[in-house]
Amino acid sequence: MAKKVALLQGNSACALGAIYAGCKFFGGYPITPSTEVAEVMSEELPKVGGKFIQMEDEIGAMASVIGASLAGSKSLTATSGPGVSLKQELIGYACIAEVPCVIINVMRGGPSTGMPTGPGQSDVMQARWGTHGDHAAIAVCPESCQEIFTETVRAFNLAEKYRMPVQVLYDEIVGHMRERIVFPEPGELEIIDRAAPTCSPEEYKPYDAKSDTDVPPLAVFGSEYRFHVTGLNKAADGFPTTKANLVAFEERRQIAKVECPEARADIESNEEYLTEDAEVVIFAYGSSARSARYAVNKMRAEGIKAGLFRPITIWPFPEKRVAELGKQVNSMVVVEMNLGQMIFEVERIVKNDCKLAGVFRVDGDPINPGEIMAKVKEVL
Amino acid sequence: MAYDYEKSIRPGKLPHIWCPGCGHGIVMKGLIRAMDTCGLEKNNTAIVSGIGCASRLPGYMDFNTLHTAHGRAAAFATGIKMVKPEMTVICCGGDGDGTAIGGNHFIHACRRNIDMTYVIMNNYIYGMTGGQFSPCTPTGMKASTTPYGNPDPIFDISKLAIGAGATFVARTTSFHATQIDKLIAEGIKHKGMSVIEVLDDCPTSYGRRNKFRSVVDMMKRLKEVAVPVAAAAKMTDEQLEGKVLTGVLFKEERAEYTDQYAKLIARVQGA
C-alpha cells in the first residue's frame, strides 16, 4: 500500500510528529512564528485522548508541561525566542529534576521582540546556555518539513531516554514553508517510552543512579510509587541536600549522562555531503544548510572541492567529527542566520588546524548560495 | 487518644524548618486532619508548592509531592490535573509566592475552575528571604525593604480569588486551628477551584519589625481581628473597620475544567 503523503507546513509536521511519538499533552501560549504547532495540537490531541491547554503565559505553559510529564504523559510546548527566554527558569527545573519534555523553538531574530515574522538562527547558544547553572543540553535542528517530523519524534525519544528537556530548533523559513511529507507507518520509526522502576515502591528512589552516567527510571505521580520532586540540589532519594559530595555527584552525573562517549554516539546525528575529499567544508544547520548544499553543487561543477557538514543534533556539539574535518580541510566556512554563534564552537574545536570564516546574516532574509560561494572563494 | 499525625508524615523528615511561633505547622496539621477526613489515598494525591517557607510543606508529607519554582505551583498542578483528573491535587504556598510572582497562574487557575484546593498561608511577608514586604504586607507596616513603612496597598487574597472565578473561597487564621481543617476539607470536597486563605504569623520577620512583643500577642491579634461571616452580617461598617471576615466567603457550583475537557474529547471522538 502506498504511504500517506501530504503537502504540509513545517509547524504542522512538527505537531503530527509529536502525535506519532505518543505525545498526549500540550501546554502552550500563542507566539509567532510557532502558533500553528499549538493550533494543530489543539485539533489533534483530543482525537487520541490527549489534552491541550492554552496557559496564561509562557512560564505557565512550561510549568504545565513538567507537571503533565510527572503525571506520566509525553509532553510538548512550542514557542519562539521571547517565549523561550521566559521558559528558561523552568527548562532548568526540568534539567535538575530530570523530567522529560520537548520544547519547540521556531526561531526568529532578536533580542527581544525583534522581527517576529522573519527567520533567525540566533537562539542556538540560548539552547545550550539559556538557563542558569551548569547543565547538559540536547537540541536538534531540522532543515526540512520531513525532517521536522522525524526530529520531533527523535526529540521525544531522547527526552524520555535521557530524562530531560530536549529542544527542537528550526527557523521561521522551515516552520512556515510547505513541503511534501511522507508519513511513516506506525511502528516504522522507533518510539522510546521512559523506563519504569523495577524495584518495589518502598525501595524506589527517583535519583538512584547506578553509575556516574546513569539515568535512573522515573516513576509516575498517581502510581504506587510515591516520591518527592524539587528544584533544589537533591540526594538520590529526591530530597534536598547541601552535602558537598552528593551535590557534586548529581551535578556531574546530569551532564555526563549526555556527554559521555556512549551517549554522544547515541544522540549525535550529522549529515555529510561530499566531505570525503573536500578541501573546504561548509558548516551549516537548519534552513541555511539548504543554501549551502546548493552552493556545494555549484562549486563542485566549477571544480572546487567543497563539501557540507550539517549537524542535525547541534547539542551536544559534534566535537569529534568537526575536529577530524578541521585536520582534513584547508578551510571551513560557518553559515548561520546570526552574527556568529556556532562559529565559536567550531573555532574551539578546530583551533588553528584550518582557516575559518563565517557567513552571517540578520536582516530577515535567508542566506543565499551566492554569498556562501563568494566567501568560500575568498578563503580557499 | 491523641491524633496520629505521623501516618501522613514521611519518616525521618521532621523537624521542619519553620521558626518557633510560625503558624505554618498549625496549618500543616490542619491540612493533615482535613485530608484524613476526606479519606484521601496517598498514591492518588499530589501536593504541589512553589518557593518559600510555606512551600516546604510538601516535603514533609507522605504523598506525591512537588516542590516547584517560585510562584509556579498552580501551573505545575494544572498539568498534573489535566493528565490525571482522578487525582486529588492540593497546592500550598505563601502570599508572595501565590499572589506576586505567581499571581497570574493563581488567578487563571481560579478562572478555569480546575478542581484543586489551594491553601495559601498569608503571613504578609517574604519570610525565607529575610522579611521583605509582600503584596499582603499592610500599608504602613515595616519590612526589610520598607524601613519607613510600607507605601503599598494590599491584595485581599480571598476577594482576588472570588473575583478571578474560584468557586469555593474560605478564610481563617492559625489561631482558629480547628476551623482550618474543616474549611480545607470542605474545599477538597468541593468540585472546582477552592482557595483557603489562612492568616498566620511570622514572628521572626514580621512581628519583630512591627513591635509585636510575643507570639502570644500575635495570636491574640488574629483572634481579635477575625469575625465570622454570620456575625459580620449583623455588624456596622464602623464595627467592621480593621476586621477580617472568616469562614466560607463564597461558594457556587460551576462547570469544572477537566470535566469540560473530558466532554470535549468525547465529542471529538464521537462518543
_Looking only at region A:41-52, and only at residues there that are closer than 23 Å to residue A:86 by Cα and surrounded by fewer than 24 Cβ atoms within 10 Å (Cβ to Cβ), the one that is nearest to the other protein chains (Cβ to nearest Cβ)_ = A:52
_Total residues in region B:234-271, condition among the hydroxyl-bearing types (Ser, Thr, Tyr) and within 14 Å of chain A (Cβ to nearest Cβ)_ = 3
*Give me the pairs, please: first residue somewhere in region B:75-88 and within 7 Å of chain A (Cβ to nearest Cβ) and touching a residue at least 12 places away in the same chain (Cβ under 8 Å), second residue anywhere and outside any helix (DSSP H, G or I) and among the hydroxyl-bearing types (Ser, Thr, Tyr), beta-carbon distance under 7 Å, and either six or more positions apart or on two chains.*
B:76/B:68; B:87/B:45
*asked:* Within region B:125-133, does at least one residue satisfy the condition of being away from chain A (no Cβ under 11 Å), part of a strand (DSSP E or B) and not hydrophobic (A, V, I, L, M, F, W, C)?
replied: yes
*asked:* Is it the case, given these coordinates, that residue A:272 is assigned to a loop (DSSP other than H, G, I, E, B) and out of contact with any Gly (no Cβ under 6 Å at 6 or more places or on another chain)?
replied: no
*Determine whether region B:1-14 contains at least one residue that is touching a residue at least 40 places away in the same chain (Cβ under 8 Å), under 30 Å from residue A:52 (Cα atoms) and aliphatic (A, V, I, L, M).*
no
*Please specify each residue of region B:37-54 satisfying the condition of being of a type outside the set (Lys, Arg), surrounded by fewer than 24 Cβ atoms within 10 Å (Cβ to Cβ) and in contact with a Lys or Arg (Cβ under 8 Å, 6 or more places away or on another chain).*
B:38, B:43
*Would you mind telling me which numbered condition in (1) in contact with a Ser or Thr (Cβ under 9 Å, 6 or more places away or on another chain); (2) more than 12 Å from chain B (Cβ to nearest Cβ); (3) under 26 Å from residue B:71 (Cβ atoms); (4) not in a loop (DSSP other than H, G, I, E, B) residue A:69 fails?*
(2)
*asked:* Can you tell me which residue is surrounded by the fewest Cβ atoms within 10 Å (Cβ to Cβ) among those in region A:321-346 that are of a type outside the set (A, V, I, L, M, F, W, C) and over 17 Å from residue A:121 (Cβ atoms)?
replied: A:327
_Whether any residue in region A:83-96 is buried (at least 24 other Cβ atoms within 10 Å of the Cβ), assigned by TED's automatic domain parsing to the domain that holds residue A:35, out of contact with any Leu (no Cβ under 7 Å at 6 or more places or on another chain) and more than 25 Å from residue B:82 (Cα to Cα) is what I want to check._
no
_Please go through region B:151-173 and give me each residue that is in a loop (DSSP other than H, G, I, E, B) and surrounded by fewer than 24 Cβ atoms within 10 Å (Cβ to Cβ), ordered by number._
B:151, B:152, B:153, B:154, B:155, B:156, B:165, B:167
_Please go through region B:57-109 and give me each residue that is farther than 19 Å from residue A:77 by Cα, among the charged types (D, E, K, R) and surrounded by 24 or more Cβ atoms within 10 Å (Cβ to Cβ), ordered by number._
B:95, B:97
*Looking at residue A:224, is it away from chain B (no Cβ under 14 Å), without any contact (Cβ under 8 Å) to a residue 40 or more places away in the chain and over 24 Å from the mean Cα position of the chain (by Cα)?*
no
*asked:* Among the residues that make up region A:304-317, is at least one of them in a loop (DSSP other than H, G, I, E, B) and more than 24 Å from residue A:159 (Cβ to Cβ)?
replied: yes
*Can you name the residue in region B:237-266 that is in a helix (DSSP H, G or I) and of a type in the set (Phe, Trp, Tyr) and is also surrounded by the most Cβ atoms within 10 Å (Cβ to Cβ) among such residues?*
B:257
*Within region A:151-165, identify whether any single residue is assigned to a strand (DSSP E or B) and in the same structural domain as residue A:20 (by TED's automatic domain parsing), and answer yes or no.*
yes
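The values are calculated or read from the model by the stated rules, or taken from the named source; none is laboratory data. No experiment lies behind these values; they were computed from the predicted model shown. Every residue, glycine among them, receives a Cβ derived from its backbone with ideal geometry; neighbour counts consider all protein chains shown.
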